[in-house]
Amino acid sequence: MRIPIIAGNWKMNTTVSEAVKLVGDMRPLLDPVNNVEKVVCPPFISLTAVKEALKGGSIKLGAQNMYFEEKGAFTGEVSPLMLAGLCEYVILGHSERRQYFGETNEIINKKVLAALKANLKPILCVGESLAQYDAGQTEAVVTDHVTGSLKDIPASASLIIAYEPVWAIGTGKAATSEQANKIIGIVRKVVAKMYGDSFAQSLRILYGGSVTADNIAELMKQPEIDGGLVGGASLKGDAFTSIVKQTAQVNK
Ligand code: 13P
């Protein structure tokens, strides 16, 4: 049994006070919901205040990125040691990082290894662009992302993968649940080949890309899909709450 996860990636949105208000609004609705792990990933500068605002509840905290070095002359970067103790999860290799900030599999792999060393749980993002999708390269791209980014991790590593097709992010055009299920199944097979069946079967793999309160139930019915990485809809308390509650109700 893989416990489902709904994680909200707030991206570069919310000031510190807006972030605190958003989790304050969510808490009474989400704290009592069981059977699903709930995670919010606000911007770095809000992590401390949001951690405080979540105290004593059941919503967990994640960061959106991290550098792989522990400390030193890396102006503007945030290290694994700074995040450890502050949050439990860290999103790594998001397509926006790959696309706008030049992150390669090699860099992402260093980040994954550094996060694990600091006892942070990576949420590794993989997924093809529209051009790659149109060219029929989806399977090759996700295979490359998974093998490159997860090189040399311990087979006991605590991590999560999110399959996020770039063409579905922020477009309102989510993958169909069958499509998402199929690609997540392929991701699981790639992991099984690298680290064995039992690791792959226990690994939670999420779908991300235009997840809403209207499509989450359908997505969650699929056997391979273990939750969602939610962008836009995670910034709206009512939508995020509905997504979490619907996920908690799916039996499979
Ligand atoms: P949207 O839900 O806004 O499409 O964003 C998905 C995403 O990139 C989450 O990491």
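The values are calculated or read from the model by the stated rules, or taken from the named source; none is laboratory data. Keep in mind the model is a prediction, meaning the values are calculated, not measured. Don't worry about glycine lacking a Cβ; one is built from the backbone with ideal geometry, like all the others, and counts go over all protein chains shown. Side chains included, ligands, DNA and RNA excluded: accessible areas come from the protein's heavy atoms. Shrake-Rupley method; radii C 1.70, N 1.55, O 1.52, S 1.80 Å.
What FRET efficiency, computed as 1/(1 + (r/R0)^6) with R0 = 25 Å and r the Cβ-Cβ distance, is obtained for K51 and Q137, rounded to the nearest 0.05?
0.05
Considering only protein heavy atoms and a 1.4 Å probe, what is the carbon-and-sulfur percentage of the accessible area of the range 36-78?
54 percent
Run the numbers on the chain and let me know its relative contact order in percent, using alpha-carbon pairs under 8 Å that are six or more apart.
Relative contact order of the chain: 21 percent.
Whose amide H sits under 5 Å from the amide H of L92, counting only residues 5 or more places off or on another chain, with H placed in the peptide plane?
I123, L124, C125
Please work out how much length the chain gains when fully extended from K71 to K193, using 0.36 nm per residue of separation minus the C-alpha to C-alpha distance, in nm with one decimal.
40.5 nm
For every other residue with a beta carbon closer than 12 angstrom to the beta carbon of G228, add +1 if it is Lys or Arg and -1 if Asp or Glu, then tell me the sum.
Neighbourhood net charge equals -2.
With n ≥ 4 as the cut-off for DSSP H runs, can you work out [θ] at 222 nm for the chain, using -39500 (n - 2.57) per run divided by the number of residues, rounded to the nearest 500?
-12500 deg cm²/dmol
Using Cα centres only, tell me the gap between the range 63-105 and the range 218-240 in whole Å.
24 Å
Stick to Cα atoms and the Kirkwood definition of Rh, then tell me Rg/Rh for the chain.
Rg divided by Rh gives 0.93.
In Å², what does the accessible area per residue of the range 26-73 work out to with a 1.4 Å probe?
With the other protein chains kept in place, the range 26-73 gives 47 Å² per residue.
First obtain the Kirkwood hydrodynamic radius of the range 38-101 from its Cα pairs, then insert it into the Stokes-Einstein equation at 37 °C and 0.692 mPa s, and state the resulting D in µm² per second as a whole number.
Once the numbers are plugged in, D ends up at 261 µm²/s.
Along the Cα-to-C-beta direction of Y100, a point sits 7 Å from the Cα; which residues of the range 42-82 have their amide N less than 14 Å from that point?
43-44, 64-65
Mind checking the range 31-101 for chymotrypsin sites (Phe, Trp or Tyr not before Pro) that DSSP puts in a loop (not H, G, I, E or B) and that have at most 13 other Cβ atoms within 10 Å?
Passing both the DSSP loop test and the Cβ count: F74, F101.
In the range 87-160, carbon and sulfur make up what percent of the accessible area (probe 1.4 Å)?
Heavy-atom surface of the range 87-160 belonging to carbon and sulfur, 1.4 Å probe: 51 percent.
Counting heavy atoms of the protein chains only and a 1.4 Å probe, report the per residue accessible area for the range 97-252 as a whole number of Å².
Here the residues of the range 97-252 average 44 Å² of exposed surface.
I'd like the Karplus ³J(HN,Hα) series for the range 56-61: coefficients 6.51, -1.76, 1.60, θ = phi - 60°, whole numbers in Hz, and an x wherever there's a Gly or Pro.
x, x, 10, 8, 9, 10
Given 0.36 nm per residue, what is the gain on full extension from S58 to L81 after removing their alpha carbon distance, in nm?
Computed gain between S58 and L81 is 5.9 nm.
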